[in-house]
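Have a look at the structure below, then the notes.
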Amino acid sequence: MYSLAQSVGVKGAAGEPLPSPFKGLQRHEVEFRRGEFSLVAAGPGTGKSLFALNLAMYGNLPCLYFSADSGAATQLSRATAIITGESVKTIKKKLIVDDFGEYYSALGQRWWVRFNYNARPTPSDIERDLSAYHEVFGCYPHLIVVDNITNVDGGVSADAEGFTFGLEAMCEYMSDMARETKAHVLSLHHVTGEHSDGLKPIPLSGVKGKIGRVPSLILTIHKEVDGMGGTILHISDVKNREGFADPSGETFSSYDFDRTNMRLTDIDEEF
């Protein structure tokens with residue numbers, strides 16, 4: 001047991017916000033705090049992995065990224081484009097022909113960002129990598145990304161009831177991981193069928209499996225595509241224990257998606 005005064009020392013790094021490139025979300029009082037668990041939900045191909053990667057590459061912070069949904073070539077090409085600002089297509093071509101040397105210096109500056117590309121990691125795999133990270137760097141990551149939470153093999157039933165129960169248990173596991181490691185654990189997730197096209201705001205009720213109880217923060221993403229091929233991502237904070245939230249998903253901040261370099265850039269509110 002701890003008194004309130006003793007709790008000041010016990011909290012450690014918990015509650016510290018991570019550096020974030022998303023100023024619009026910050027205006028909505030959204031922060032990615034260490035020691036907390038968040039969920040980002042969107043339809044397939046909407047941009048949730050790009051959102052997570054832009055956050056992970058910003059601020060050069062200790063990060064462990066479980067990329068079950070994308071392989072090494074995809075993540076390496078995207079991350080290099082985000083870091084350097086160069087064309088992802090050019091980068092991928094150079095990667096294929098082993099002409100990648102010019103990027104090593106820039107990538108080397110992110111030396112404590114590590115990836116696991118196992119398509120079906122188990123909780124034991126996650127714990128092993130966290131232990132290895134701590135052994136190598138002397139600290140746990142400040143950010144842990146799980147892409148996607150449904151790719152983690154929790155060994156539960158495949159029926160509908162077992163699926164929801166398994167997701168609830170996995171959220172509890174991720175929340176406990178955040179508390180134990182003092183990392184912010186960001187998991188990506190899917191949405192219900194009627195929202196899978198990603199073309200309209202997604203409410204809290206649109207999160208697949210209705211697993212809104214455990215995460216301290218839940219964001220949903222939908223997109224807007226113009227006639228010229230441009231894409232804008234709209235990010236709604238549908239649950240936020242530390243600030244503003246609109247469960248309807250109708251309140252959002254907007255980001256221009258540059259398909260060339262994979263970067264997300266705030267769109268000024270007045271426009």
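The values are calculated or read from the model by the stated rules, or taken from the named source; none is laboratory data. Bear in mind that the values here come from a model prediction, so they are computed numbers and not experimental data. No Cβ is skipped: glycine too gets one built from the backbone with ideal geometry, and neighbour counts run over all protein chains shown. To get the accessible areas, we keep the full protein, side chains included, count just its heavy atoms, and leave off ligands, DNA and RNA. Shrake-Rupley method; radii C 1.70, N 1.55, O 1.52, S 1.80 Å.
For the range 226-237, state whether one or more residues are charged (D, E, K, R), within 30 Å of Arg263 (Cα to Cα) and modelled with pLDDT under 95.
Looking through the range 226-237, at least one residue is charged (D, E, K, R), within 30 Å of Arg263 (Cα to Cα) and modelled with pLDDT under 95.
In this structure, does Leu217 turn out to be closer than 21 Å to Phe66 by Cβ and modelled with pLDDT under 95?
So Leu217 does not fit the description; no.
Check Cys139 against each of (1) in a loop (DSSP other than H, G, I, E, B); (2) surrounded by 18 or more Cβ atoms within 10 Å (Cβ to Cβ); (3) modelled with pLDDT of 95 or more and name the one condition it does not meet.
Unmet condition: (2).
Of (1) at pLDDT 95 or above; (2) open to solvent by 50 Å² or more (accessible area, probe 1.4 Å); (3) of a type outside the set (Ser, Thr, Tyr), Glu36 satisfies all except one. Which?
It is condition (2) that Glu36 fails.
Please work out which one of (1) under 15 Å from Leu188 (Cβ atoms); (2) outside any strand (DSSP E or B) is the condition Leu64 fails and give its number.
With (1) under 15 Å from Leu188 (Cβ atoms); (2) outside any strand (DSSP E or B) applied to Leu64, the lone miss is (2).
Against the definition (touching a helix residue (DSSP H, G or I) at 6+ places or on another chain (Cβ under 9 Å), touching a residue at least 12 places away in the same chain (Cβ under 8 Å) and open to solvent by 50 Å² or more (accessible area, probe 1.4 Å)), how does Tyr117 come out, yes or no?
It is true that Tyr117 is touching a helix residue (DSSP H, G or I) at 6+ places or on another chain (Cβ under 9 Å), touching a residue at least 12 places away in the same chain (Cβ under 8 Å) and open to solvent by 50 Å² or more (accessible area, probe 1.4 Å).
Kindly indicate the residue of the range 173-201 that is closer than 16 Å to Ile149 by Cβ and in a loop (DSSP other than H, G, I, E, B) and also least open to solvent (accessible area, probe 1.4 Å) among those meeting that condition.
Ala183
Is at least one residue of the range 83-105 within 17 Å of Met57 (Cβ to Cβ), among the aromatic types (Phe, Trp, Tyr) and assigned to a helix (DSSP H, G or I)?
Yes.
Hey, among Gly249, Gly212, which residue is of a type outside the set (A, V, I, L, M), touching a Ser or Thr at 6+ places or on another chain (Cβ under 7 Å) and either in a loop (DSSP other than H, G, I, E, B) or free of Cβ contacts under 8 Å to residues at least 12 places away in the same chain (or both)?
The conditions single out Gly249.
Does the range 223-246 contain any residue that is among the basic types (Lys, Arg) and in a loop (DSSP other than H, G, I, E, B)?
Yes.
So Val185 clears everything in (1) over 14 Å from Glu36 (Cα atoms); (2) out of contact with any His (no Cβ under 9 Å at 6 or more places or on another chain); (3) of a type in the set (A, V, I, L, M) except one condition, right? Which one?
Evaluating Val185 over (1) over 14 Å from Glu36 (Cα atoms); (2) out of contact with any His (no Cβ under 9 Å at 6 or more places or on another chain); (3) of a type in the set (A, V, I, L, M) leaves (1) as the failure.
Do you know which residues across the range 215-261 are open to solvent by 20 Å² or more (accessible area, probe 1.4 Å), touching a Lys or Arg at 6+ places or on another chain (Cβ under 9 Å) and of a type in the set (A, V, I, L, M)?
Ile232, Ala245
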